[in-house]
Amino acid sequence: MSVLSYRPSPEELSYTFGGRQAVAEVRPGTIMELYTEDCFGGRVRTVDDLPSRVCEFPFLNPVTGPFHMTGAEPGDTLALHFVKITPARDWAVSTTFPHFGALTTTHTTAMLHPPLEERVWRYDIDLDRNVAVYHARKSDFSVELPLDPMHGTVGVAPAANEARMTITPDAHGGNMDTPELRAGVTVYLGVNVEGAMFSIGDGHGLQGHGEVCGTAVESAMNTVVAVELIKGVATPWPRMEDDLHVMSTGSARPLEDAYRISQHDLVTWTSELTGLDTLDAYQLVSQAGQAPVGNVCDTNYTMVAKLPKAYLGATTVYESVHARLRAAGSAYTS
């Protein structure tokens, strides 16, 4: 088993997908031990550290990478299986921002009322009890919330030498902010450039569907990923698989277009997997599918379409790579 450990210095963090040289070469079958910073680069540490004062735009939402996958070419698919996602500190933060979030005026939703206050919440992380402790800012109310660590941002370089801010989700991945990207899940990303040039970041100790206020329980992470390359198989939009489900994503504005993209991809994928007629697959997904919400606050919104694998019959998903990577992850942790 080949294991690569990488902890970036602050100067090595990336803020785009595309437009950067690789920090390391990775071969298919490698287990990667990665450290990722939180979306504020670790600068917001107390409730008095307002991001507008301690952070510098556009240096937000850093990712670890990019990594060059040996042999990856356009038309291939990169598979990343999240073996472990563990908060790296005993604290995390969340914020509200003026002009950012689902329930405030933004630059594209112009209103005359004042923007929301910029405010910081600091969470205590207790890994032994697997909780994040929420503390209200205007009262002594507090409550323990169960940790559900995930990565908000994962992706590859876009096509045509394009560079995209890490905050923007699209067909290359990016800041999708779906809680479905937790340990035990394999994400499939279509390769657009030689080497794929993939990066990971934006760890969340916990996040509600939608990331409504614009931030989650933002945490630095120690993450273990098993990687594989599927040659000659294209993936149009980021897809995910766990032991029980297949999932498709779509990112766009308005939100209904993100919904349509994710549902269209799941329907056509279901048709390919089962051999069903497109409308038969459409009917199956319509009755048995779920639609978890990703982010509803970024430059693009993200929706997820989710279907139990039990309804797909005897079919193989991506050459059974999820099962192989899951087994490799189990061997690593044993």
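The values are calculated or read from the model by the stated rules, or taken from the named source; none is laboratory data. In this text, all values refer to a predicted model and were calculated from it rather than measured experimentally. Cβ coordinates were reconstructed from backbone atoms using ideal geometry, including for glycine residues, and neighbour counts include every protein chain displayed. All accessible areas refer to the heavy atoms of the entire protein, side chains included, with ligands and DNA or RNA removed. Shrake-Rupley method; radii C 1.70, N 1.55, O 1.52, S 1.80 Å.
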Net charge dipole size for the chain [Lys, Arg +1 and Asp, Glu -1 on Cβ; Debye, nearest 20]: 160
Got the relative contact order for the chain handy, in percent, Cα pairs under 8 Å and 6 or more residues apart? 22
Anyone know which of A288, A252, A234 comes out most mobile in the 10 Å Cα GNM of the chain? A288
If you rank D76, D257 by how much accessible surface each has, with a 1.4 Å probe, what is the order from largest down? D257, D76
Below 25 Å Cα-Cα, how many Lys pairs turn up in the chain? Only count pairs eight or more apart in sequence, or on different chains, if you could. 4
Largest first, what is the accessible-area ranking of M1, M176 with a 1.4 Å probe? M1, M176
Kirkwood-type radius of the range 47-98, with distances r between different C-alpha atoms, in Å: 15.5
Please report the base-10 log of the normalised intensity I(q)/I(0) for the range 139-196, using a Debye sum with one equal scatterer per alpha carbon and no solvent, at each q in 0.18, 0.24, 0.25 (1/Å). -0.68, -0.98, -1.03
Just from the alpha-carbon atoms, what are the Rg and Dmax of the range 190-334 in angstroms? 16.3, 45
Heavy-atom accessible area of T299 with all protein chains present, probe 1.4 Å, nearest 10 Å²? 70
Tail beyond 12 Å, pair distance distribution of the range 70-120 (Cα, percent): 76
Furthest towards positive pole of dipole, A252, G75, I230, structure part the chain, Cβ charges: I230
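In debye, nearest 20, what is the charge dipole magnitude of the range 104-251 about its Cα centre with +1 on Lys and Arg Cβ and -1 on Asp and Glu Cβ, if you could check?
260
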Debye equation applied to the C-alpha atoms of the range 1-82, log10 I(q)/I(0) at 0.14, 0.17 Å⁻¹: -0.58, -0.78
Report, in cubic angstrom per residue, the convex hull volume of the C-alpha atoms of the range 118-253. 139
State, as an integer percentage, the relative contact order of the range 137-188 based on alpha-carbon contacts under 8 Å between residues 6 or more apart. 38
Expressed in Å to one decimal, the Kirkwood Rh of the range 173-234 from all distinct alpha-carbon pairs is 13.6
Protein chains only, probe 1.4 Å: how do H264, H107, H209, H151 rank by accessible area, largest first? H107, H264, H209, H151
At 222 nm, what helix-only mean residue ellipticity would the chain give, in deg cm²/dmol to the nearest 500, using -39500 (n - 2.57) for each DSSP H run of four or more? -4500 deg cm²/dmol
Leaving ligands, DNA and RNA out of it, work out the accessible area of H99 with a 1.4 Å probe and give it in Å² to the nearest 10. 100
Of all trypsin sites (Lys or Arg not before Pro) in the range 33-142, which ones are in loop regions per DSSP and have a Cβ with at most 16 other Cβ atoms within 10 Å? R45, R89, R129, R137, K138
Just the Kirkwood number for the chain, please: inverse of mean 1/r across all distinct Cα pairs, in Å, one decimal. 20.1
For the range 126-207, which GluC sites (Glu not before Pro) pass both filters: DSSP loop (anything but H, G, I, E, B) and at most 15 other C-beta atoms within 10 Å? E162, E194
